Structure formats: C-alpha cells, structure tokens
Amino acid sequence: MKQKFLRIVSLVVAVGAFAACSPIAPIAPANAPAASATTVTVFAAASLTDAFKALAPAFEAANPGVKVVYNFAGSPQLVQQIGQGAPADVFASANEAQMTAAVKTGRVVTDTARAFVRNRLVVIVPKDDTARVVTLADLGKPGLKIVLADKAVPVGGYALDYLRKASILPEYGAAYSQTVLANVVSFEQDVKAVLAKVSLGEADAGVVYTTDLVGEGAAKVVPIDIPDQLNTIATFPIAVINDSKNADAAAKFMAYVLASEGQKILATYGFISITGNP
C-alpha cells in the first residue's frame with residue numbers, strides 16, 4: 001500500500017513539472033471576463049450635457065473597447081480642476097477664454113485646441129409666467145426675478161455683453177443694463193442651473209443657450225429671441241489633455257466630435273456646426 005501511494009505521489013509531481021515546463025498556455029474558462037475597456041474621461045461644459053451624452057454611444061460603437069466617462073460643470077470649474085491635476089483626457093470648453101486658461105495650467109498644449117461647434121443666446125421665461133415678460137424690454141420691469149450665470153461662466157459673460165449692446169440702442173435706453181441687473185436675484189455656476197430655476201418657476205426669466213431648449217427642462221419654458229445685433233455667437237473649443245493616460249483614445253474622441261458623424265449629432269441638439277454658417 002505504501003509503495004502504491006509513493007507511485008501516485010511521484011506521478012502527480014511529474015505531471016506538475018511537465019505542465020510547468022509546457023509552452024502551451026492554459027485555456028481560459030468560457031465565461032472569463034473580457035479585458036477592461038479603455039476609458040476616456042471628458043471634462044465638458046454643462047451646456048454640452050445632453051448632446052455629449054447622446055454622442056457617447058455612437059462614438060463607443062465606432063470605437064470598440066473605448067468607454068466615455070463625462071465630468072460636466074461650468075467651464076471655469078473644469079479649468080480649476082484641470083489646474084489642480086484632476087485626471088482627464090479631453091477638455092471641451094464653452095468659450096475660448098477658458099480654453100486659454102486651461103493652456104495656462106500647462107496641461108493643454110498651445111494651438112492644439114480646435115473649435116468644434118458654435119452656439120447663441122436666448123432669453124427664457126416659465127410657461128406659466130405671471131410676470132408677463134413678452135419682450136426683451138420687459139426684463140427691466142421693477143420687481144422681476146431674473147437669474148443669470150456668473151460672469152466667470154461663458155454664458156454669463158455673454159449675457160452681460162448682450163445687456164451692454166442693448167443699452168447703446170435708443171429703443172432700450174442707456175439705463176437698460178442697470179435696470180435689468182437690478183432684477184437679478186442670483187448668479188449661477190452653470191447654465192443648467194439657470195434653466196432649472198426658470199423651468200421650476202423660481203425665476204421670471206433667465207439667459208441660456210438656444211441648445212438648452214432641447215430636453216426635458218425646455219418643455220417648461222418659452223423662449224424670447226435675442227436679435228443678431230445683440231447676440232453672441234459663442235465658439236466652443238476642444239483639446240486633448242497633454243498628460244492623458246489614454247492619449248490615442250482621447251484623440252479619437254476629439255476626431256469623432258470634429259467629423260461629420262459627431263457634427264450631425266451635435267446639430268440635432270441645436271448646436272451650430274463648424275462646417276455651416278453661424
């Protein structure tokens with residue numbers, strides 16, 4: 001019995017030694033998990049939220065093995081995070097000034113940014129508006145509650161530009177900007193917060209992008225057009241972060257946004273294509 005046991009042990013040791021020396025790789029189980037996808041972390045202006053979320057599945061389908069993860073916020077907040085070293089692969093800003101600020105952090109190479117869409121402003125009021133804001137001139141009525149994005153946020157700066165331009169025209173009067181700003185009850189950190197407050201009836205009016213009129217919140221507001229002479233055609237730039245851990249995939253995302261497929265998706269959300277007329 002003892003000799004039989006020793007023969008079995010010797011056989012097991014021999015088989016183990018053979019397997020260790022064998023050049024044949026072990027066969028993975030049929031249900032083994034697939035290799036993890038490459039993740040592209042995109043820091044994008046809040047105004048891009050709906051459009052970029054719609055773009056992600058199409059991009060991922062065109063680039064198997066690549067997964068898009070978004071961080072949406074006001075452009076100044078994103079630049080601050082980038083400057084503090086937050087892991088990111090792509091930055092899409094709502095204006096060129098914030099892209100320039102990102103360049104100054106050292107994490108975006110000068111001249112690598114590209115304009116990818118344009119946008120324009122619109123005034124919005126709640127659908128059940130009781131303040132009877134019908135025209136742009138009505139924004140100066142005493143007692144209104146108006147919300148704007150903070151001046152550091154691109155759309156907030158554009159809104160102030162609109163008020164300054166209007167104040168030069170006789171139909172609005174030199175005091176127009178001052179009287180409208182006197183009605184501002186809050187300056188928000190991003191454009192989505194402005195849309196939310198107006199759509200919930202917490203404000204009588206606000207200034208957002210025309211692209212914000214696409215989506216759930218848009219069904220609860222009514223737009224008042226801002227004419228071209230008072231409006232701003234905002235240019236949105238995009239760039240790859242120079243210390244990206246997934247530079248190849250990041251470059252593919254940027255290329256997709258600039259290509260016709262990405263442009264078509266962005267256009268369905270109201271953005272003005274860089275290949276079209278602003």
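What's the exposure ranking of 93, 273, going from fewest to most Cβ atoms within 10 Å?
With the sparsest Cβ surroundings first, the list reads 273, 93.
Mind giving me the FRET efficiency for residue 38 and residue 71? R0 is 30 Å, r the Cβ-Cβ distance, nearest 0.05 is fine. After rounding, the FRET efficiency stands at 0.95. When each of 135, 210 is scored by the number of other beta-carbon atoms lying within 10 Å, the sequence from fewest to most is 135, 210.
When the C-alpha to C-alpha distance is required to be over 26 Å, the pairs from 104/252; 67/104; 151/264; 67/151; 197/245 that qualify are 67/104; 151/264; 67/151; 197/245.
Close amide H contacts of residue 234 (hydrogens built in the peptide plane, cut-off under 5 Å, sequence separation of 5 or more or a different chain): 119, 120.
Evaluate the distance, in nm, between pseudo-label points positioned 7 Å from the Cα of residue 62 and of residue 245 along their respective Cα→Cβ axes. My value for the distance between the label points is 2.6 nm. Excluding same-chain neighbours fewer than eight residues apart, the aspartates and glutamates reachable from residue 220 by a Cα-Cα span under 15 Å are 128, 129, 202, 204, 212.
Can you give the percent of C-alpha pairs in the stretch 121-225 whose distance is more than 22 Å?
Details: 1086 of 5460 pairs.
The share of Cα pairs beyond 22 Å in the stretch 121-225 comes to 20 percent.
Taking only the C-alpha atoms of the chain, Rg followed by Dmax gives 27.3, 113 Å.
Put in order of Cβ neighbour count within 10 Å, fewest first, the listed residues 212, 150 become 150, 212.
Spin-label model, residue 261/residue 97: points 7 Å from Cα along the beta carbon direction are separated by 3.6 nm.
How big is D, in µm² s⁻¹, for the stretch 91-167 by Stokes-Einstein at 4 °C and 1.567 mPa s if Rh is the Kirkwood radius over C-alpha pairs?
The Stokes-Einstein estimate is 86 µm²/s.
FYI, it's all coordinate maths here, none of it is from the lab. Everything quoted here is computed from the prediction, not taken from an experiment. Glycine also receives a Cβ, built like all others from the backbone with ideal geometry; neighbour counts cover every protein chain displayed.
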